[in-house]
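As structure tokens, the structure follows; a few thoughts come after it.
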Amino acid sequence: MCGIAGSFSARPLPDNREPILHEQLQAILHRGPDAQTTWLERNKGVAFGHTRLSINDLEGGVQPIRSHDDRFVSTVNGEFYDFKFHRSVLMAEGQRFRTKSDSEIALGLYRKHGLDFTRYLRGEFAFSLYDQEKDELLLIRDRWGIRPLFIHVQDDHTIHWGSEVKALLAHPDIPAELDEKAALHQLMQTIAPGMSAFRNIESLSPGHLLRIRKNGDRLSIEKIRYWDLDFPEEGGHDHPDDENHHVERVREELTRAVVHRLEADVPVGCYLSGGIDSCCILGLATGAMQSPVKAFTIAFDNVDYDESSIAKEMAASMNADQEMITLAADDLYGQNYIDTVWHAERTFYNTLGVAKNLMSKRVWDCGYRCVVTGEGSDEIFAGYPGFKRDMFLHGIDHEPEHIRAEYQAALEKTNQLFKGAILSENERHHPAFDAICGFTPSWLQPWMETLDLARPLLADDVARELADYDPIEEIASRIDGSMMAGRHPLDRAQYTWAKCQLEGQILNWGGDRVDMANSMESRPAFLDHHLAEAAFKVPPHYRIKGNIEKYVLREAVKGVLPEVLYKREKFAFMAPPAHTDEKKKARVRELIHSFLNRDAVSRCGILSPDRVEGFLRDYDADTDPTSLVRKDALLNHLLGLHILHDKFC
């Protein structure tokens with residue numbers, strides 16, 4: 001895990017490009033404190049920068065990495081698993097390597113397979129690869145968007161990239177301006193795929209690569225999709241009546257994914273909440289490791305949101321060495337909140353991102369640089385409440401109506417605490433999603449309600465500018481409807497979530513950005529693409545069986561789970577919102593005073609100071625639990641937007 005920055009131009013580089021590149025690396029030093037290195041070919045317009053967090057080949061893996069014959073040069077952020085196997089095969093075929101780093105296998109695989117080399121890359125990665133012979137550049141991002149990669153194209157002649165937006169903004173030719181459309185998306189929680197918070201800066205789509213060649217004094221940029229979530233057409237799932245087949249396949253692929261992610265030249269620990277995902281990873285890691293696993297757990301000061309008792313039981317059952325951090329108002333707000341927004345470069349609806357930022361710092365302080373995590377399980381095994389609601393509404397027409405109603409009532413009851421954020425209290429529809437998906441996914445509906453609260457807060461000039469802009473239509477326009485055609489409703493719901501919320505939320509302020517804030521690499525085992533492809537083939541009725549979500553996963557790992565967890569329904573992992581106690585209310589008021597005062601809102605220029613004040617009055621006076629959950633989410637987004645403006649613009 002590292003940070004990269006660079007540029008490729010159809011024109012020679014200016015003399016000041018190297019010191020600028022060092023400034024860009026300095027902006028993301030937290031991603032790699034061990035070494036900062038550059039490689040430039042001024043006449044060819046190529047500048048590569050790398051800031052390193054040493055995980056494999058601690059002494060010899062300094063980047064940029066060059067192939068043995070100097071034809072290929074690469075900077076890599078991430079990890080490639082199976083690299084020892086691939087390196088051995090390539091050496092047997094005659095190739096040679098300069099290092100023992102996993103990163104170098106990308107060069108050997110590209111030499112052998114060309115653009116098809118992505119088929120053999122297993123892991124989490126975002127990297128650049130320059131072919132000196134062809135004078136062309138590749139930028140590649142992993143299948144899910146676990147590792148970030150942002151792009152800015154300058155006047156059609158130069159492309160800039162960086163692991164974080166702040167690396168791009170450190171370049172004097174790239175202005176720091178918040179994008180008004182992106183701001184509206186952030187306020188409603190759902191950024192359109194590829195969108196960043198900043199004007200003229202986009203993220204490279206997961207599962208895609210850019211092939212960049214020179215055409216005179218201009219660049220030719222070709223975007224190529226090399227992987228996608230490809231569910232079988234409805235009725236085409238493997239072994240529809242053989243539950244045991246899928247249980248065994250999931251168990252095998254998950255175990256392999258965990259074991260791969262324990263490979264490193266530094267100690268590897270595990271994140272441990274009270275959920276099935278992290279608990280089963282701890283159980284499988286315990287079986288694979290020769291010593292007790294170091295497990296890191298977040299506890300909250302509110303019993304309604306705290307799962308640490310189950311995590312303790314799990315850690316004890318596996319003889320794990322558990323490290324627990326208990327967080328309260330003073331931890332979740334103040335400077336920690338501000339720092340987390342700076343690292344995430346986008347807003348968030350809940351302070352779970354702050355909590356995970358603090359947890360990754362504890363991991364580093366304990367001498368660990370690497371943890372295996374549980375992100376992605378809900379995405380591939382249908383764990384979220386919205387997926388269950390869509391299954392009950394659209395995916396089990398064969399069940400009697402009273403059975404579907406019972407399932408729905410049970411779902412509403414067990415998720416009452418999160419109504420307004422996780423589930424909407426009203427059924428909403430949008431024609432753009434109805435057109436590509438057949439229905440409007442339940443996960444999107446609460447944020448449509450939030451949009452109704454957020455849009456009236458816009459400043460008059462921004463409201464006029466965005467009068468004809470429909471954020472929901474924009475999101476739908478960036479999703480490939482052909483990948484949902486003929487698929488089961490549950491598959492469609494999972495596909496849309498993965499394209500929007502996984503990359504833009506779970507893997508951002510819930511993953512890479514808050515982990516690498518403290519130079520700590522997270523490895524989400526469930527997002528191993530071999531495991532995911534096995535999960536896509538699991539029939540929907542084994543992902544959600546009756547009223548039991550993630551059924552096939554539960555059965556695959558029940559041997560390592562406490563009984564209470566095996567039988568427990570999915571519980572959303574969230575920090576207690578600000579309205580839940582007086583100390584949190586007091587701390588959030590301090591942030592409001594600093595970042596949502598009239599002058600701050602006016603300087604940002606996106607929202608109306610009068611309307612923001614009106615919203616804050618309504619928030620203080622509100623007593624309805626569902627309304628408060630929604631307004632608390634919007635308040636976090638309002639704060640985050642103005643912190644972004646204060647820190648970057």
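Count the net charge of all other residues whose Cβ sits under 12 Å from the Cβ of Arg617, scoring Lys and Arg as +1 and Asp and Glu as -1.
With Lys, Arg at +1 and Asp, Glu at -1, the net is -3.
Pull out the extension gain between Lys84 and Asn426, defined as 0.36 nm times the separation in residues minus the alpha carbon to alpha carbon distance; nm, one decimal.
Computed gain between Lys84 and Asn426 is 117.9 nm.
Output the relative contact order of segment 339-487, whole-number percent, from Cα pairs under 8 angstrom with separation of 6+ residues.
Reported relative contact order: 18 percent.
Output needed for segment 195-315: three equivalent-ellipsoid semi-axes, defined as square roots of 5 times the C-alpha gyration tensor eigenvalues, in descending order, whole Å.
Semi-axes, largest first: 37, 25, 18 Å.
For a test of the definition: using alpha carbon positions, the gyration tensor, and the 1.5 limit on a/c, classify the chain as rounded, prolate or oblate.
rounded
In the chain, what percent of the accessible surface is made up of carbon and sulfur (1.4 Å probe, ligands and nucleic acids excluded)?
Of the solvent-accessible surface of the chain, carbon and sulfur hold 46 percent.
For segment 461-478 and segment 21-48, what is the separation of their C-alpha centers, rounded to whole Å?
Here the answer is 37 Å between Cα centres.
Mind pulling up the Rg/Rh value for segment 586-632? Radius of gyration and Kirkwood radius, both on Cα.
Here the Rg-to-Rh quotient is 1.00.
Would you kindly derive the ³J(HN,Hα) couplings of segment 373-384 from the backbone phi angles with the Karplus curve 6.51 cos²θ - 1.76 cosθ + 1.60 (θ = phi - 60°), listing them in order in whole Hz, with x for Gly and Pro?
10, x, 4, x, 5, 5, 5, 8, 10, 6, x, 6
Quick one: net charge around Asn508, please, counting Lys, Arg +1 and Asp, Glu -1 for every other residue with C-beta under 10 Å from its C-beta.
-1
Find out how many positive minus negative residues lie around Asn302, taking Lys and Arg as positive, Asp and Glu as negative, among other residues whose Cβ is under 10 Å from that of Asn302.
-3
If you count the DSSP beta bridges with both ends in the chain, what percent of them are antiparallel, to the nearest 5?
So the antiparallel bridges amount to about 80 percent of the total.
Accessible area per residue for the chain in Å², computed with a 1.4 Å probe and the full protein assembly in place, what is it?
Using a 1.4 Å probe on heavy atoms only, each residue of the chain averages 35 Å².
Estimate the FRET efficiency between Thr623 and Arg478 by the formula 1/(1 + (r/R0)^6), using the beta-carbon distance for r and 35 Å for R0, to the nearest 0.05.
Result of the calculation: an efficiency of 0.35.
Excluding same-chain residues fewer than 8 positions from Lys100, which aspartates and glutamates have a Cα within less than 16 Å of its Cα?
Asp57, Glu59, Glu79, Asp82, Glu263, Asp265
Order the peptides 57-65, 446-454, 377-385 from the highest to the lowest mean number of other Cβ atoms within 10 Å of their residues.
377-385, 446-454, 57-65
Using only Cα atoms, locate the centre of segment 220-261 and the centre of segment 72-103, then give the distance between them in Å, rounded to an integer.
What the calculation gives is 25 Å, centre to centre.
Once you have the Cα-Cα distance between Met91 and Lys223, take 0.36 nm times their residue separation minus that, and quote the gain in nm to one decimal.
44.4 nm
Which of the three applies to segment 380-477, rounded, prolate or oblate, going by the alpha-carbon gyration tensor with a ≥ b ≥ c and a/c under 1.5 meaning rounded?
Taking the square roots of the gyration eigenvalues as a ≥ b ≥ c, segment 380-477 is prolate.
On the Cα set of segment 271-373, report Rg and Dmax in Å, please.
Rg then Dmax for segment 271-373, in Å: 14.2, 41.
If I model segment 336-406 as equal point scatterers sitting on the Cα atoms and use the Debye formula, what is log10 I(q)/I(0) at q = 0.13, 0.17, 0.23, 0.27 Å⁻¹?
Treating every Cα as an identical point scatterer, log10 I(q)/I(0) equals -0.63, -0.80, -1.06, -1.16.
How about Lys584: which aspartates and glutamates have a C-alpha closer than 12 Å to its C-alpha, ignoring those fewer than 8 places off in the same chain?
By straight Cα distance, Lys584 reaches Asp301, Asp330, Asp331, Asp632.
Of the peptides 430-443, 631-644, how do they stack up when ordered by the mean number of other Cβ atoms within 10 Å, highest first?
631-644, 430-443
Order of 574-582, 70-78 by packing, highest average Cβ count within 10 Å first?
70-78, 574-582
Of all the C-alpha pairs in segment 1-102, what % are more than 23 Å from each other?
32
Once both labels are modelled 7 Å past Cα along the beta-carbon direction, what's the Ala586-Asp242 spacing in nm?
In this crude label model, Ala586 to Asp242 measures out at 6.3 nm.
Against the empirical 2.2 N^0.38 Å scaling, what ratio does the C-alpha Rg of segment 290-338 come to?
1.36
When only Cα pairs under 8 Å and 6 or more residues apart are kept, what is the percent relative contact order across the chain?
17 percent.
With r as the distance between the Cβ atoms of Asp155 and His68 and R0 = 35 Å, compute the FRET efficiency 1/(1 + (r/R0)^6) and round to 0.05.
After rounding to 0.05, the efficiency reads 0.45.
By the gyration tensor of its Cα atoms, with a ≥ b ≥ c the square roots of the eigenvalues, what is the shape of segment 476-579: rounded for a/c under 1.5, prolate for a/b over b/c, or oblate?
Verdict is oblate for segment 476-579.
The values are calculated or read from the model by the stated rules, or taken from the named source; none is laboratory data. Being a predicted model, the structure only gives us computed values, none of them experimental. Neighbour counts run over all protein chains shown; Cβ positions are idealised from the backbone, glycine included. Heavy atoms of the whole protein, side chains included, go into the accessibility calculation; ligands, DNA and RNA do not. Shrake-Rupley method; radii C 1.70, N 1.55, O 1.52, S 1.80 Å.
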